[in-house]
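Below you'll find the structure, written out as structure tokens, and then a few comments.
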Amino acid sequence: MKSFRILVPTDFSDSALLALEHGIFLTKKFDGELVLLHVAELPTITIHDFPSDLFELAREGGMDRMGELLEKQEVALPPVKRVVLAGTPSEPAADVIVEYAKTNEVDFIVMGTHGRRGMRRLLLGSVTEEVVRRSPCPVLTTRTHKDAWSLPRADRILVPVDFGSSTRQIIGVASRMAEHYGAAITLAHVVNLEYYPYYGFGSDAYPEIKKSMIEASEEKLIELATELQGAGLDVSWKTIKGHPAAALRQLAEEADIDLIVIGSHGRSGFDRAMVGSVSEKVLRSAHCPVMIVNTGDETEQLGIAA
Ligand code: ATP
Ligand code: MN
């Protein structure tokens, strides 16, 4: 069996450094190998008198910087492979990263939500956004938070579920993480009552609808939780009310969650190429790392815990 392979793409930013710390920890947990990948972004037009071996220079520079990064780590390292590949305007960093993950059977990608341009923008970094959209494997994103460089550790994993067709796939990845970390799982479903305005119903119906939505959620959560408990996992569940992304972020903070495992597309999944709006908001606002499971295509993912 091939060993577990974790890919950490780096642009040598602080975010990518935090991703490396998580990547090292995770690789050791999974007893796997870590690939540190830098994409040296080169101009396509070769300028005369430019060193013809431009890429060779970039490669050597990248290798050295990666070596320094690894030397600075204060923990024992798992087996690490350093790779520098060329990126061009027609094949930018995100394409190179996704292609590498596909052809090298990468199991997880770990990367920063932001890179060298940093957190000035509220939006997700463009490389991460593109990788998350098209990755063949789950992507763990780490956000550099001013005061919370959360430690690469996970005692409590939050799994938001919408009971759509990819729920089991997402829970499968989360249970694998839970097993390796010895973490407890919290399943959460958000009931967004604003989808159900008064019109069309007698106003008396509103509390009834609310009650039945909450009851239905609890019933389905119990069913999923019982199944996972049967597989030996420590599981709790919660139905919360509000706007999904905000409610999840609040729950994650209050419940002291270390990792959120979420799908890339929700039930509405109106555009297969996009990342769902809830997932994206969670990704860029959560206080802890988020692992996003690509549920947008038929790509094979990790199986459910046996
Ligand atoms: P943007 O570049 O979109 O203006 P940004 O620099 O803040 O914003 P990204 O470039 O998306 O954000 O960086 C996010 C993560 O992507 C980094 O933490 C790193 O893991 C990865 N990354 C970015 N550029 C490269 C690269 N050239 N090679 C390898 N990994 C990269
Ligand atoms: Mn960047």
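Observations
- With all protein chains in place and a 1.4 Å probe, the accessible surface of the range 1-114 carries 51 percent carbon and sulfur.
- Loop-resident GluC sites (Glu not before Pro) (DSSP state other than H, G, I, E or B) in the range 66-135 with no more than 13 further Cβ atoms inside 10 Å of their Cβ: GLU74, GLU105.
- The alpha-carbon of LYS241 sits under 26 angstrom from the alpha-carbons of these lysines, leaving out residues fewer than 8 places away in its chain: LYS210, LYS211, LYS220, LYS281.
- Within straight-line reach of LYS81, meaning a Cα separation under 28 Å, sit the following lysines at least 8 residues removed in sequence or on another chain: LYS2, LYS28, LYS29, LYS72, LYS102.
- Once the 1.4 Å probe is applied to the protein heavy atoms, the range 1-152 comes out at 52 Å² accessible per residue.
The values are calculated or read from the model by the stated rules, or taken from the named source; none is laboratory data. Worth saying up front: this structure is predicted, and the values here are computed from it rather than measured. Please note: Cβ atoms are built from the backbone with ideal geometry, for glycine as well, and neighbour counts cover all protein chains shown. The protein model used for the area step is the full one, side chains on, heavy atoms only, and it has no ligands, DNA or RNA in it. Shrake-Rupley method; radii C 1.70, N 1.55, O 1.52, S 1.80 Å.
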